[in-house]
Amino acid sequence: MKKILITMNNLNYGGIERVVEIIYQLLHEDYNIKVAIYNVEKKELASYPFENLNCPIQKNKIKKMIFFIKRIIKTIEIKLKYKPDFTLSFGQQANYINFFTQFFGKSIINIRGYGWVEDTLFGYKIEKKMYQSVYKTIAVSQKIRMDLIEKYDIESKKIEYLYNPFDIETIKNKSEIELSENEKNYFTDGINLIAVGRIADDKGYYHLVKAMSLLKTRNINMLIIGEGPRFEDLKKLIENLKLQKNVKLLGNQSNPYKFMKYADAFILTSLREGFPNVLVEAMAVGIPVISTNCFSGPSEIIADAIVVDFKEKYKKFKYGFLIESLTDSKDYTSSNIELCDQNLADSIKSIVNDLENKELRHKMVENSKKKCKEVYNYLSFKNKLSLIINDLYGENK
């Protein structure tokens, strides 16, 4: 049985950890898979066997370098001991270590966010060397793949794209769980929009709240599910704009899908993404979706296009609506309403009017559910990943 080593930085239950868990579930019967994690704080988060390499991240610069070298040594040791056919790494630092230790087995690195295209850890020259010398790079979207090829002059055959996998049926079943009476009280008789995600600068929630301040008379209610480093700043902005009745922060919810199902539409206001899982999840739930036209992912999900250019404030597509991108101002002051905030408010108002057309709404929802079942399911993910793996073994023959 062929051997695969998977490495990642830590064990928090985020997007990377979820994908690793799914890969293990889908492939462990066909391949001998070993997962090695550099730092584990909560063992109970993993549903699969793993090895803890005990190399936590350090804040001090000197200690950071020492522990980075320690991670390299630990990776070499486990590669020599396990002798994998290839190593699949997740996370920026894990990718670098996989690159530095590629002489001990073929390396495949994963690029999960657009920020990894824009930012480098060790500088452009080393980054370019990494992409050009590893066996394969897997990008989470076509846009990331395209921009990496252009920026680092990578041979197109050395980089693939692979969308994240989703358990569409489980999402659907969870969305059909009834809300409690208290939970129903979050919703109003007007239009109810919902956003789900970590409350951080790059999610653009401060723009969304300011746009909502311009829609007070429109009977539009906004629910935001999630927590994060900007939770208190966002809460204060809502209070300063006197939007407590219009914008409600629900914190983290164990089942956000049942809230989505109750909403009239889902909205994503991110400044940048890799591949926004929550957008696909909302489509699978069966509600119309609205997203900023940010890099990367939304245009591929909503418009079946790598890049979408339009002069309008928003545009309607087969699977939802794209709105123009937002500034990265990080401005949580209530006194400053930017042009993009006004444009966002205008777009929301127009889209809400569009969605009063029941035929349009129904067609968009049905198209979205169909795409989720055909494109973003586990089988599609497994088949494409298997092709990448089989190509590697084909070269070994």
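The values are calculated or read from the model by the stated rules, or taken from the named source; none is laboratory data. Quantities reported herein were computed from a predicted structural model and do not represent experimental measurements. Note that we place each Cβ from the backbone using ideal geometry, even for glycine, and neighbour counts take in every protein chain shown.
List of remarks:
- Restricting attention to the stretch 13-26, the residues being farther than 16 Å from S89 by Cα and either out of contact with any Leu (no Cβ under 7 Å at 6 or more places or on another chain) or crowded, with 18+ Cβ neighbours inside 10 Å (or both) number 2.
- Scanning the stretch 341-381 for residues that are of a type in the set (A, V, I, L, M, F, W, C), out of contact with any Ser or Thr (no Cβ under 9 Å at 6 or more places or on another chain) and in a helix (DSSP H, G or I) yields I348, I351, V352, L360, M364, V365, C372, V375, L379, F381.
- Any hit, the stretch 169-177, residues being at pLDDT 95 or above, in a loop (DSSP other than H, G, I, E, B) and in the same structural domain as N353 (by TED's automatic domain parsing): yes
- All of I177, I194, I168 fail the test of being under 23 Å from K373 (Cα atoms), in contact with a Cys (Cβ under 8 Å, 6 or more places away or on another chain) and touching a residue at least 12 places away in the same chain (Cβ under 8 Å), apart from I168.
- The residues on offer are L208, L234, L249, and the sole one that is buried (at least 21 other Cβ atoms within 10 Å of the Cβ) and under 30 Å from N173 (Cα atoms) is L208.
- In the stretch 95-127, the residue that is modelled with the highest pLDDT out of those that are in a loop (DSSP other than H, G, I, E, B) and surrounded by 14 or more Cβ atoms within 10 Å (Cβ to Cβ) is T101.
- Pair list, Cβ under 7 Å, 6 or more apart: the stretch 69-80 residue touching a residue at least 60 places away in the same chain (Cβ under 8 Å) and in the same structural domain as K34 (by TED's automatic domain parsing), other residue part of a helix (DSSP H, G or I) and not basic (K, R): T75/I97; K79/F104
- Which listed residue, of F275, F310, F321, is in a strand (DSSP E or B) and aromatic (F, W, Y): F321
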